[in-house]
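The structure appears right after this line, and notes come after that.
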Amino acid sequence: MKGNGEVPRIGVYVCDCGTNIAGKVRVAEVVEFARDLPGVVVAREYKYMCSDPGQDLIKRDIQEYNLNRIVVASCSPLLHEHTFRKATAEGGLNPYLVHHVNIREDVSWVHEDSDEATRKAKAIVHGAVLRVAWQKPLEPQSVPVRDSALVVGGGIAGISAALTLAEAGKQVYLVEREPTIGGHMAKFDKTFPTLDCAACILTPKMTAVKDHPNITLITYAEVEEVDGYVGNFKVKVRKKPRYVHEDRCVGCLECIEACVFKEPRFPNEFDLGLSKRKPVYIPFPQAVPPVVTIDPDTCLYLRFGKCKKTCVEACGDRNAIDFDMKPETLELEVGTIILATGFKTFDPTRTPKYGYGRFPEVYTSLEIERLVNSSGPTGGEVVMRNGQKPKRVGIIHCVGSRDKNTNPWCSKVCCMYSLKLAHLIHERSGAEVYNFYIDMRTPGKGYEEFYNRLAKEGVHLIRGRVAEVTDAPLHPEEEGKLIIRVEDTNIGVVRRIPVDMVVLAVGLEPQPDADEVRRLFNISCSTEGWFLERHPKLAPVETFTDGVFVAGACQGPKDIPETVAQAQAAAANALALMDKGSVEMEPNVARVNEELCSGCHICIGLCPYGAISFNEEKKVAEVNEVLCKGCGTCTAACPSGALSQNLFSDHEVFSEIMGVLL
Amino acid sequence: MSAYEPKIVGIFCNWCAYTAADLAGISRMKYAPNVRIIRVMCSGRFDPQMVFWAFKHGADGVLIAGCHPGDCHYQEGNYKALRRYKLLQKLLDQLGIERERVRLEWISASEGEKVKQVIDEMTETLRRLGPLKIQEAPGEEAAAAPAAGGGHHG
C-alpha cells in the first residue's frame, strides 16, 4: 500500500448529489478551484459519488494518476465516510488516506445564496486538500467480540430479541425491572386488528424465555453500571430482594392464601390499582418467572419485624421465603447490548379539562385494557365503579399526543387501540360507544379494514378535539352523566354528548428514567426523550455507540408488529457482530512521540480511560491502544506536542483550519 | 448591514454537535454561511492554540461545540474543553480580544435548531464587532507550517 512520505498526489471528487448539492453549489466552479490547489493531480465532478460508477472513478484514478491522497466533498462523513474509505482501499490505497467533507448538510441544504454556498464549499475543499496531505496510512486494531448479549427490558421487544439471539446459540441475559416479564402487552386483552388474545400469543413466548437453555432471566433487577466497549462490555446488574428464592418457589400460591391479611388490601400495580393484592403477591397468574414476590413496603414482618409469618408456615419445607434476602449485584460480560426499555403512558392529570382523577368514571385506556381483560379485576366485565354496566361510553383520542401543550408527536397506536376498545366495550357491555378523533390514522396491514369494520358495527365516530368533560348538566337528560363537549367538525356544530364512562386514549411517552438509562449506555436521546437511532432510515436499530442497539417503543411509539420486527432486526445486527467474532476499531487512537515527551504526566490524569501510563524506564508516557477510545483530549493538552491523535493530529486539524479560512 | 462578513471556524464534536449540524441540514434549516465546521471526535480535542492559529489565518471568531455536560461520548472531554475555554477567556482579555469572538456551546445530537440559532447569533455578534484587528509585532513572520504543540496549556 502506498501513501507514506511521498509527495502528495491528491484526487478531489466533488459530488452533485443529483440536485441536492448542485442545485445550490456551483460544483464545476469548485472543481476548477480544486484543480489548482497544491498537490491536486485530478479533480472531478460526478452526479452521485456514492454510486458504483462514482466509486469506480476513485479506484481508476488511483491507478491511472498514481494518486496517494483522496478528498471527497459530498454529504456527511457520518453517512458515507466508510463508503469512500472502502473505495479507496479497493483502489489499492490505505483507506485512511481519504478525507471526506460535507458540502450538503453543512452547505447546500442550509444556505440560500448560491454565491455564499459556492464560496463555502471551496473553503471546505481547500481545508480538506491541505489536511489530507498530512494523513498517514493506518491499520485498524481488531478486537474480539464476546458471544453473549444483554437484553434490557422484558416486554415483547426484549422477549423477541432474546429469543432470536438464544435460538442462534448465543448466551443471553435478559434483565427486567418488574417481578415478571411481559411488559405492557401482558396487560392487554386483545390485540388489533386481528383481535388475537394477547395472552395466548404472548405467554408461550414468556415461557419459552424461561425455559430456554441459552437465556438467563434476571427479573426484579436493574442495570447499575456499564463499562467497556463493543464486544467487551462489563455490566453490573442489581437484583432487588424479592424475599423469595426463585429456585425454590413452585408457584403454588399457598403463601398468598395464608398471609395474615385475610383480604387483599393494597393496590395491585399490574391492574393499575383497579384491584387489590396482599403484601405477598404474583402480578398475574401467568407471570414469568411464576414465583411470588413480597413487597417490603406493605409486609408486616419486613416493616415492623413482627408477624405470625403464616406465609412461611404455608410454604413449609420448600423454604422458599427468606426475609433476610439482601440486594445482590451480578457482574456480566457481554459482547452486545440491546435496549428494549419500552414506554410509559401519558399521565392525563396533565390535561385537567378531561377530568381524570376528578371524575371516577374517567379512565385511561390502559385501565380499560385491564377491565376488558378476562384475567383483570372484573373478569372482563366492563362495569362502572358502582358495578353497573355503562349505557354510553366516550373514547377521547389524542390525549397527550398531537397537542402542543403536552406532546407534539402522534403516538401512532391510539387510533387503532381506541377502535379495538370501542369494539370490546360494546361487545362486553352492549354500550353505545363514541370515538372522538382529530384524524383517524390507520395505516398498516389490515388496519383500515378494521376501521371500516368498526364503522359498520355502529361505533359513533365524531371528528373533533374534545374541549372538556364536565359533570354540569344543562338539560335534564344530562343529569348524573359526564358530558363531553366537542365541536363536530364534520357538520360544524358544537355538541354535548352525555355518557356514563369516559376513556382517555393516552399517548406514549419515553420512560421517566430514559435520560439516566441513555447515559448509562452512552447513547443519545431525541429532544422528546426517545432513544436516538444511528440513522433515521438506514440504521434504525443501531446507536452511536457501537455494539448497543435499540428495539421497540424506547426508540419511538410503535405497535406490536413493528416492535417485534425491530427487536428481531436488533438481534440480527447483534448476531452479525458476534458471529463475525471481531470488530475493527477506528484507528483514531493517540500515539506518543517518545523523543518529544518530557514526562510531565499531564496527559495521564486527563485520560478518562486510564489508557495512558508512565514508562518509568524511558521516563515517557505510553498509550495502551486497546483502552484508548480516540477522543484526542490528551493531544490537545500535551505541552510538548508529543502526543498525536491519529486522523486528528495537530498537522491535520491546524491545516484544515487554515484551509477553510479561504 | 455592511459588506463585511465575518469568518468563523467551527470545531464540532462528532457525536453531538456535528450530528446536530447534520440534523439541521436534513431539516433544511437556513442559517448564516459564515461558520466553516471542522469535525473532531470530541470537544476535548479543542486546543486554545486552534483559536490563535485561526485568528492568525484570518478568522474573526471560533465556535466550539460539544455534548452537553454529562453527555460526553468520552465521559468528560467536554469538561476539559470548558476548562481550557475559561482560561482562554482570561487570555483573550489580556490580549484585548473581545470574548465574544470565541464561543463554547453545548449542542446535543437532536438540537438542529440550536445549531442554526447559535450560528446566526454568533454571526450577528461578529458583524457588529467588525473584523478582528491584531497588531503584529514588527519583524514577526507568518508561520508557514501548522503548529505542532508548543504552547503551555492543558
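Please treat every number below as a calculation from the coordinates, not as lab data. Everything numeric in this text was worked out from a predicted model, so none of it was measured. Note that each Cβ is placed from the backbone with ideal geometry, even for glycine, and that neighbours are counted across all protein chains shown.
With a Förster radius of 41 Å, plug the Cβ-Cβ distance of A:Leu538 and A:Asn386 into 1/(1 + (r/R0)^6) and report the FRET value to the nearest 0.05. After rounding, the FRET efficiency stands at 0.15. Each peptide in A:365-372, A:82-89, A:629-636 was scored by the mean count of other Cβ atoms within 10 Å over its residues; highest first, the order is A:629-636, A:365-372, A:82-89. For segment A:281-340 and segment A:175-191, what is the separation of their Cα centres, given in Å? That distance is 18 Å.
Amide H contacts of A:Ile395 (H built 1.01 Å from N, in plane; Pro and chain starts excluded): A:Tyr434, A:Asn435, A:Phe436, A:Val503 sit under 5 Å, all sequence-distant by 5 or more or on other chains. Neighbours of B:Pro131, meaning other residues whose beta-carbon lies under 13 angstrom from its beta-carbon, give a summed charge of +2 when Lys and Arg score +1 and Asp and Glu score -1. When DSSP beta bridges are restricted to pairs lying wholly in chain A, around 50% turn out antiparallel.
Proximity of backbone amide H atoms, modeled 1.01 Å from N, is registered between A:Lys190 and A:Ala198 at under 5 Å, excluding neighbours fewer than 5 places apart on the same chain.
Residue by residue along A:96-109, Cβ atoms of other protein chains within 10 Å of the local Cβ number 4 on average.
Legend: mean number of C-beta atoms from other chains within 10 angstrom of residue C-beta atoms, peptide B:40-52, equals 6. Relative protection proxy for B:33-43, A:444-454, A:412-422, A:599-609, from highest mean packing down: B:33-43, A:412-422, A:599-609, A:444-454 (other beta-carbon atoms within 10 angstrom). The GluC sites (Glu not before Pro) of segment A:78-171 that DSSP puts in a loop, and whose beta carbon has at most 10 other beta carbons within 10 Å, are A:Glu112. Annotation: amide H-H contacts under 5 Å for A:Val40 (H modelled 1.01 Å from N, sequence separation of 5 or more, or interchain): A:Ile10. With only the Cα atoms considered, the protein assembly as shown has a convex hull volume of 210 Å³ per residue. Here the simple spin-label model places points 7 Å from the Cα toward Cβ, and for A:Glu139 and A:Glu90 these points are separated by 2.4 nm. Sequentially through segment A:389-405, phi angles give Karplus couplings (6.51, -1.76, 1.60; θ = phi - 60°) of 7, x, 8, 9, 10, x, 10, 9, 7, 6, 8, x, 9, 6, 9, 5, 7 Hz, Gly and Pro residues having no value and appearing as x. Over segment A:10-140, the Kirkwood radius and the radius of gyration, each from Cα atoms, give a ratio Rg/Rh of 0.94.
3J(HN,Hα) couplings calculated from phi for segment A:553-561 with the Karplus curve 6.51 cos²θ - 1.76 cosθ + 1.60 (θ = phi - 60°) are, in sequence order, 6, 5, 9, x, x, 8, 8, 5, x Hz; Gly and Pro show x.
Most tightly packed first, judged by the mean number of other beta-carbon atoms within 10 Å of their residues, the peptides A:179-189, B:85-95, A:509-519 read A:179-189, A:509-519, B:85-95.
Extension gain, A:Arg358 to A:Asn593: 0.36 nm times the residue separation minus the Cα-Cα distance gives 77.5 nm.
How much FRET efficiency would the formula 1/(1 + (r/R0)^6) give for B:Ser27 and A:Glu333, where r is the Cβ-Cβ distance and R0 is 41 Å, rounded to 0.05? Efficiency, from the Cβ-Cβ distance: 0.55. Its Kirkwood hydrodynamic radius, worked out from the mean inverse distance over all distinct Cα pairs, puts segment A:203-351 at 17.6 Å. The string of couplings for segment B:93-105 from the Karplus curve (6.51, -1.76, 1.60, θ = phi - 60°) is 4, 5, 8, x, 9, 4, 4, 5, 6, 10, 10, 10, 10 Hz, one whole number per residue in order, with x for Gly and Pro. Among the residues of A:571-583, the average count of other protein chain beta-carbon atoms within 10 Å of the residue beta-carbon is 0.
According to the Cα-based calculation, Rg over Rh for chain B is 0.97, with Rh computed by the Kirkwood formula. P(r) tail for segment A:254-318, what percent of Cα pairs lie past 21 Å? Of all Cα-Cα pairs in segment A:254-318, 20 percent lie more than 21 Å apart. Near B:Gln89, once Lys and Arg are set to +1 and Asp and Glu to -1 for all other residues with Cβ below 12 Å from its Cβ, the sum equals +4.
For segment A:345-508, the square roots a ≥ b ≥ c of the C-alpha gyration tensor eigenvalues yield an a/c under 1.5, which makes the shape rounded.
Between B:Ala3 and B:Asp93, the simple label model (points 7 Å from Cα in the Cβ direction) yields a spacing of 3.8 nm.
Roughly how far apart, in whole Å, are the Cα centres of segment A:93-159 and segment A:40-81? With segment A:93-159 and segment A:40-81 each reduced to a Cα centre, they are spaced 15 Å. Bridging of A:Lys309 to lysines at a Cα separation below 20 Å is possible for A:Lys262, A:Lys278, A:Lys326, once same-chain residues fewer than 8 apart are set aside.
Computed extension length for A:Ile604-A:Glu528: 23.6 nm, one decimal, from 0.36 nm per residue of separation with the Cα-Cα distance subtracted.
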